[in-house]
Every structure is written in C-alpha cells, then in structure tokens.
Amino acid sequence: MTFPDIVPDFNTKLPELRGRLLANQSLKELTWFRVGGPAQVLFMPEDEADLSYFLANCPLELPVTVIGLGSNLIVRDGGVPGVVIRLGRGFNEVTALDDDQVRAGPAVPDVRVARVAQEAAIAGLAFFRGIPGAIGGALRMNGGAYGGETKDALVSARGVDRRGQVRTYSNADMHFTYRHCGVPDDVIFTEARFRGRSGDPAAIAAEMDKITESREATQPIKSRTGGSTFKNPPGHKAWQLIDAAGCRGLTIGAAQVSELHCNFSDQSRRRERCRHRDIGRDRAQAREREFRH
C-alpha cells in the first residue's frame, strides 16, 4: 500500500517546522505487535511549540492520528491515511519536583515515572510499574494496574488541540472514568504532573518488585503482545470470561490468545508472519464465543 506523497506540500507551507516528516513510512516497527502498513505521513515534532505550529497549519480535513510506544496498538494492514504523529524526543523528560510531584512528558514510559518517584522517595506512583505503555496513553485511557489508576495521582495535564491551541486540564477537567478520559479526542497530551506522598524508597522499591514478579508470573511480558485487550465488564474479569468460553490458546492465522493470560494476544510463538487481520479475527472470535457462553 502506497499513499500519495503530500510531504512536499507541508515543506512548502510550513517553512518553520523543525520536526521530521516522512512519506509512506512503515509503522509496524513502531508497534509491539510488529504488524501493519505505512502512515501516509509520519510526523515527529521536536517539542510542544513545533507540534502546535504543525497542527495550526495542518488542513482540518486531513486525518491526524497520534501514537506513543505502540504497546497497545494494532495498525491495519492497509496503513493509516493522513498524518500519524509520533511523540519522541522533546516529550520524554521526567523530573521529580517539590511537594511530592513528578512532571513527565507523554513519551515517557510509565515504568520510568515509577522509578523516578521511587528514587525521590515519592510513594503512590508505583502502580505505573505495571502498565506497559507511556504517559500519553495513561492520560488518554486512565491507565491503571495493581490497585492504582492515573486519575488517583494526576494533578494537571497539558495538551494541544487540533487547531494548535495549547490547553491545560485539571484532574476534574479530564473527566476520568474506567479506562477513559473525557478530553476531546483531537487533543494531543504534551505534559502531565502527578502527586504522590512522602515514602520510604526501600518500601517503594519492594512494592515495585512485587508488581514485577506478579506480571512475570501471570502475563506474557516477554512476548509480542499489546497488553490486555478487553475492558473488565462490571463485576467480572475479562480474562476469566474468555477462559470460560474455551478461548485459551485460540489460534487464527499467526495470532493466538495467550495461554498464560487470556486477555492478551500473543503472536511470538508462531513462525508465520502475523497480520492485522489475524489479530483482529482472533480477538473477534474470542469475543463472539464469550457472548455465546
């Protein structure tokens, strides 16, 4: 799949742009599943100001998609039309602040936030050790694990909307619910501030080690997965419903429901080249069987 090259148009219209623009750039290398087609345009902004400049001058009718670590992402085989924005350098700083706060960019892996907080004797952020993603995704979906959620620790967040306006959101402005935030979908988060509480570094490290041990024992963390696929329905655990429907190890093409944790898709043990449609059909089959059960 090849899209029309519109990068020259951007280069002409945005002379002050500092970030990289790449036409028909493969996205599969940027995701943990290693599947999918190209982005019509891949844009990697230098910083928040560069992102704002780009969005302010990007035609509103052109689709814009943002990606982070790609740990919870499946790219379709036909690729992604429009612009795909990947936040990297310029968005990956994390700093411990006064008053038991941590400031982090959206490209910072969640585990780094947990580590920086631990080193600064800030308790209450260790749960980030159990989330295999970056802070941008945690903000967008109220990421949580092991008894903690993003909403429990967030003080404020910054973001840039589709027209290039920089906005600030309080915790209340985020309208967090289970695995969801109410900020408009076109806002791209650029910074977050979290607050924990004073703690003992050794105790925090022990808590993080316990989370690591639990993940290694119950999740296929050394395989190519995208983390948990389905939300937990009220009063139930998704993996238990999938298991009860007989879908543990279900295989379609080169995609497989993990035998270790049924809410994970695992393609690392298959020799065939996995495609987006294999993973999609595999999860759709699991969901259909679950409903029938």
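The values are calculated or read from the model by the stated rules, or taken from the named source; none is laboratory data. All of these numbers come straight from a predicted model, not from anything done at the bench. Cβ atoms come from the backbone with ideal geometry, glycine included; neighbour counts cover every protein chain shown.
Of the set (1) of a type in the set (A, V, I, L, M, F, W, C); (2) at pLDDT 95 or above; (3) part of a loop (DSSP other than H, G, I, E, B); (4) touching an Asp or Glu at 6+ places or on another chain (Cβ under 8 Å), all apply to residue 62 but (4). Has segment 225-239 got at least one residue that is part of a loop (DSSP other than H, G, I, E, B), at pLDDT below 75, more than 21 Å from the chain's Cα centre (by Cα) and not assigned by TED's automatic domain parsing to the domain that holds residue 130? Checking segment 225-239: not a single residue is part of a loop (DSSP other than H, G, I, E, B), at pLDDT below 75, more than 21 Å from the chain's Cα centre (by Cα) and not assigned by TED's automatic domain parsing to the domain that holds residue 130. Buried (at least 18 other Cβ atoms within 10 Å of the Cβ), under 19 Å from residue 68 (Cα atoms) and touching a residue at least 60 places away in the same chain (Cβ under 8 Å) - does that describe any residue in segment 171-188? Yes, there is a match, as at least one residue in segment 171-188 is buried (at least 18 other Cβ atoms within 10 Å of the Cβ), under 19 Å from residue 68 (Cα atoms) and touching a residue at least 60 places away in the same chain (Cβ under 8 Å).
Any residue in segment 82-97 that is out of contact with any Pro (no Cβ under 8 Å at 6 or more places or on another chain), farther than 13 Å from residue 196 by Cα, in a helix (DSSP H, G or I) and modelled with pLDDT of 95 or more? No, the conditions are met nowhere in segment 82-97. Could you grab me the full set of residues in segment 15-40 that are part of a strand (DSSP E or B) and under 20 Å from the mean Cα position of the chain (by Cα)? Result: 25, 26, 38, 39.
For residue 60, are the conditions met, namely being outside the structural domain of residue 188 (by TED's automatic domain parsing) and either in contact with a strand residue (DSSP E or B) (Cβ under 9 Å, 6 or more places away or on another chain) or of a type in the set (Val, Ile, Thr) (or both)?
Numbers: outside the structural domain of residue 188 (by TED's automatic domain parsing): yes; either in contact with a strand residue (DSSP E or B) (Cβ under 9 Å, 6 or more places away or on another chain) or of a type in the set (Val, Ile, Thr) (or both): no.
No; evaluated as a whole, the condition is false for this residue.
Give me the pairs, please: first residue somewhere in segment 65-82 and not assigned by TED's automatic domain parsing to the domain that holds residue 44 and of a type in the set (A, V, I, L, M, F, W, C), second residue anywhere and crowded, with 22+ Cβ neighbours inside 10 Å and at pLDDT below 90, beta-carbon distance under 8 Å, and either six or more positions apart or on two chains. Pairs that qualify, where the first residue is not assigned by TED's automatic domain parsing to the domain that holds residue 44 and of a type in the set (A, V, I, L, M, F, W, C) and the partner is crowded, with 22+ Cβ neighbours inside 10 Å and at pLDDT below 90: there are none.
When segment 28-47 is filtered for residues that are surrounded by 21 or more Cβ atoms within 10 Å (Cβ to Cβ) and either in contact with an Asp or Glu (Cβ under 9 Å, 6 or more places away or on another chain) or not small (Gly, Ala, Ser) (or both), the ones remaining, listed by number, are 33, 35, 36, 38, 40, 41, 42, 43, 45.
For segment 116-136, name all the residues that are of a type in the set (Phe, Trp, Tyr) and in contact (Cβ under 8 Å) with a residue 40 or more places away in the chain.
Initially, segment 116-136 is screened for residues of a type in the set (Phe, Trp, Tyr), giving 127-128.
Within segment 116-136, 127 is the sole residue that qualifies.
Residue pairs whose Cβ atoms lie under 7 Å apart, sitting 6 or more positions apart in sequence or on different chains, and linking a residue in segment 29-43 that is on the phi < 0 side of the Ramachandran plot to a partner that is of a type in the set (Ser, Thr, Tyr) and modelled with pLDDT under 95, are 32/71; 32/225. Scanning segment 41-58 for residues that are assigned to a strand (DSSP E or B) and under 18 Å from the mean Cα position of the chain (by Cα) yields a count of 3. Counting only residues that are in a helix (DSSP H, G or I) and hydrophobic (A, V, I, L, M, F, W, C), which one in segment 112-136 is nearest to residue 186 (Cα to Cα)? Per the stated criteria, the residue is 135.
Per this entry, residue 64 is counted among residues that are within 17 Å of the chain's Cα centre (by Cα) and surrounded by 15 or more Cβ atoms within 10 Å (Cβ to Cβ).
Please give the number of the condition residue 138 fails out of (1) modelled with pLDDT under 95; (2) closer than 30 Å to residue 210 by Cα; (3) not acidic (Asp, Glu). Every listed condition holds for residue 138 apart from (1).
Do we have residue 139 as touching a strand residue (DSSP E or B) at 6+ places or on another chain (Cβ under 8 Å), in contact (Cβ under 8 Å) with a residue 24 or more places away in the chain and part of a loop (DSSP other than H, G, I, E, B) here? In short, no.
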